[in-house]
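Down below is the structure, laid out as structure tokens.
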Amino acid sequence: MRQVKKTVCDFCQNGCHLGVSFDGYQYQIEYLTDEAPNYGRLCPRGNSANIVIDHPKRLSYPLLDGKEITWARALELIQEWRARCRPEEIAVVYSRGLTEEEIGIVWAFAKELGTENLVCGYLEPDNGFAYQLAGVKRAQLAELSSARAVLLAGDVFSKSPVAARLLLEARYADKNSRLVVVDSILTRQAGFAHLFIQVKPGTEFLALSGIAGIIDPKLKIDVSACAVQCGVSQEKLQQAARILSGAQQGLVGAAMSYGRVDNPLLFSLCAQLVALKADKPFVGFAEAVVPEGRLSFRDFRHKIAENKIRMLFWFGGLHPYSYSEVMPDLSNVSFRVATSIFRTNQTIPGLLLPVPSEFEKKSRGETLWEKVEREPVANPVSGSRLIVEIVQGVTNKVLTGMKVNPAKVVRVEEMVGMVYSSLVPEPRTVNQESGTINYLLLGERRAIGLGGFFDPQEEIAINPIDAGKLGVQNGDWVMVKTRTAEEGFLVKVSQAVPAGVMLVGVDAHKNRRLFSVEFDEQTGSSRIPPTKAEVWRAQR
């Protein structure tokens, strides 16, 4: 008889409950129909927990330049490399895939090494939700069902199937309920909206700041300028403000995607500002929020470029090269140590150390709705070691994890005082010699994406007008070139994207390479905005 072990899915912060059983041969997902918030329903990522545990590419031995070595030799090498570097020449980077306790251990490890080069390597837009506007109420799960006026910025339904179900039930429970959606793409979520405010890509935060300025004129926000820059009528912003502020029960939700948001910090804060001024709770639908380190990733890259970093530790569940621009940077680092759940398709220079997946270790943390404690539902893969064990092997000490708070509180005065910048696509230009056209390329994070287990994401959504200009139709092949990469796609003609804009999935790493990582020169915060792309018809 199968014994079912219960846990809370750790692939994102929706807090879905699931069970995992083992029959002596393989693991299997069990659906807990009595457990909130998902009541047995799981997105394909949640359904893949057993795939992660049993995946044939699981890493079970340390690798040195792609070749298996023993743990004893790996730790010996780390000691040798460490002895050849001064503390200020060592950097410690951490990303997602770590528990709250493990991040604390990594902070303590950097302190033990004597380095201030402690860096957050999670650059996804979601980290904009780490900034919290003072006075904003956090939404409770029950408030999704009771909401009668909801404003959603970004594609919340794709980010949170749990929220989608509850919000749709609330929408149809009362004929007076109203749903407002602010987005640049006509998503399925937008199809359910009573009011859809389709803005120019990257300018969602301007529409949100305009709505907040209408609700509270004391903010002295130039609503007219916001409306012009985001490409919508001021009346639509006024209508959204009336809907939200006029309802007794409601909420504001927001979601961001790689390659879709120009300024994650302002996107998050402006959505929260609307909630604050409308006196509604707020929820930011993030897959993960990872606390910032002592050194910004921008300054970390500068130090690498200046050959100031000779040894690098990169802690996380996946290999560190999710961002294409990081690879060339790291070639300047002499000694590299990274952790991973999987073997990589490419040889990773330096040491790659196997670690357990989220389902194979105990942890405590926080979902969007509550604090949770997770028990392991599977035995760790043979040969893998916990972060605390790796750190102890390097330092020969049992370190006490430091307390790390991911949230950063921002006052309304600070937020309103920030400079609003807009991302307005430049006019498309035709290259007369090649016949190619420059477009604005956006990314879409889909609920089914997980390391290529499901959708290869070979399609690109193209407006019918642009399909006509390019002479393509459904199933044809086009090439897309940005300043960072070139990739081929199958055409999907769709009214969901406006003319001049194209959309690709960004769960596949080959597609992520098309977008570049940029950094704010004042704050050092990262952003992965929409990007210009050259597109032309091609043969597969």
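The values are calculated or read from the model by the stated rules, or taken from the named source; none is laboratory data. Computed from a predicted structure; not experimentally measured. Reconstructed Cβ throughout: ideal geometry from the backbone, glycine too, with neighbour counts over all protein chains shown.
Observations, loosely collected:
- For the range 185-244, the candidate set comprises residues that are acidic (Asp, Glu) and surrounded by fewer than 16 Cβ atoms within 10 Å (Cβ to Cβ); within that set, the residue that is farthest from ALA170 (Cα to Cα) is ASP222.
- Set LEU503, LEU450: member being at pLDDT 95 or above, closer than 22 Å to SER158 by Cα and hydrophobic (A, V, I, L, M, F, W, C): LEU503
- Against the numbered list (1) assigned to a helix (DSSP H, G or I); (2) in contact (Cβ under 8 Å) with a residue 12 or more places away in the chain; (3) assigned by TED's automatic domain parsing to the domain that holds SER384, LEU276 comes up short only at (3).
Okay, residues lined up against (1) more than 30 Å from ASN345 (Cβ to Cβ); (2) surrounded by fewer than 21 Cβ atoms within 10 Å (Cβ to Cβ):
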{"position": "LYS5", "(1), (2)": "yes, yes"}
{"position": "TYR31", "(1), (2)": "yes, yes"}
{"position": "SER48", "(1), (2)": "no, yes"}
{"position": "PRO87", "(1), (2)": "yes, yes"}
{"position": "ILE103", "(1), (2)": "no, no"}
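- When residues of the range 154-202 are limited to those that are part of a strand (DSSP E or B) and not hydrophobic (A, V, I, L, M, F, W, C), the one nearest to THR367 (Cα to Cα): ASP183
- One residue stands out among those in the range 308-318 that are of a type outside the set (Phe, Trp, Tyr) and under 18 Å from LEU118 (Cα atoms): the one that is modelled with the lowest pLDDT, which is GLY317.
- Taking the listed residues ARG512, ARG445, ARG540, the one that is over 23 Å from SER184 (Cβ atoms), basic (Lys, Arg), modelled with pLDDT under 95 and in contact with a Phe, Trp or Tyr (Cβ under 7 Å, 6 or more places away or on another chain) is ARG540, with no other qualifying.
- Residue identified as more than 30 Å from SER357 (Cβ to Cβ), out of contact with any Asp or Glu (no Cβ under 7 Å at 6 or more places or on another chain) and surrounded by 22 or more Cβ atoms within 10 Å (Cβ to Cβ) among LYS280, LYS303: LYS280
- Scope the range 489-500; condition surrounded by fewer than 23 Cβ atoms within 10 Å (Cβ to Cβ) and over 14 Å from VAL478 (Cα atoms); matching residues: SER494, GLN495, ALA496, PRO498, ALA499, GLY500
- Screening VAL326, VAL289, VAL333 for residues that are farther than 24 Å from THR523 by Cα and either aliphatic (A, V, I, L, M) or at pLDDT 95 or above (or both) leaves exactly one candidate, VAL333.
- Search result, residues across the range 78-101 that are at pLDDT 95 or above and charged (D, E, K, R): GLU80, ARG82, ARG84, ARG86, GLU88, GLU89
- Of all residues in the range 47-82, those satisfying the criterion of being more than 24 Å from PHE335 (Cα to Cα) and without any contact (Cβ under 8 Å) to a residue 40 or more places away in the chain are ASN47, ASN50, ASP54, PRO56.
- Of the residues ALA72, ALA130, ALA142, the single one that is of a type in the set (A, V, I, L, M), over 29 Å from ARG343 (Cβ atoms) and surrounded by fewer than 16 Cβ atoms within 10 Å (Cβ to Cβ) is ALA142.
Quick grid of which residues meet (1) outside any loop (DSSP other than H, G, I, E, B); (2) over 23 Å from the mean Cα position of the chain (by Cα):
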| residue | (1), (2) |
| --- | --- |
| LYS5 | yes, yes |
| ASP10 | no, no |
| GLY24 | no, yes |
| GLN28 | yes, yes |
| ASP34 | no, yes |
| ILE51 | yes, no |
| PRO56 | no, yes |
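- Yes/no for VAL289 being within 30 Å of ALA164 (Cβ to Cβ), of a type in the set (A, V, I, L, M) and in contact with a Lys or Arg (Cβ under 8 Å, 6 or more places away or on another chain): no
- Residues of the range 369-395 that are in contact with a helix residue (DSSP H, G or I) (Cβ under 9 Å, 6 or more places away or on another chain) and either in a loop (DSSP other than H, G, I, E, B) or on the phi > 0 side of the Ramachandran plot (or both): TRP369, GLU370, PRO376, VAL377, ALA378, ASN379, PRO380, VAL381, GLY383, SER384, ARG385, LEU386.
- The selection criterion, being within 21 Å of the chain's Cα centre (by Cα) and modelled with pLDDT of 90 or more, holds for THR339.
- In the set SER516, SER494, only one residue is in contact (Cβ under 8 Å) with a residue 40 or more places away in the chain and either hydroxyl-bearing (Ser, Thr, Tyr) or under 15 Å from ARG260 (Cα atoms) (or both); that residue is SER516.
- Among the residues listed as ALA142, ALA149, the single one being aliphatic (A, V, I, L, M) and in contact with a Leu (Cβ under 7 Å, 6 or more places away or on another chain): ALA149
- Selection count, the range 158-177, where residues are crowded, with 23+ Cβ neighbours inside 10 Å and within 18 Å of GLY246 (Cβ to Cβ): 0
- Tally of residues being outside any strand (DSSP E or B) and either assigned by TED's automatic domain parsing to the domain that holds PRO328 or farther than 23 Å from VAL289 by Cβ (or both) across the range 481-537: 17
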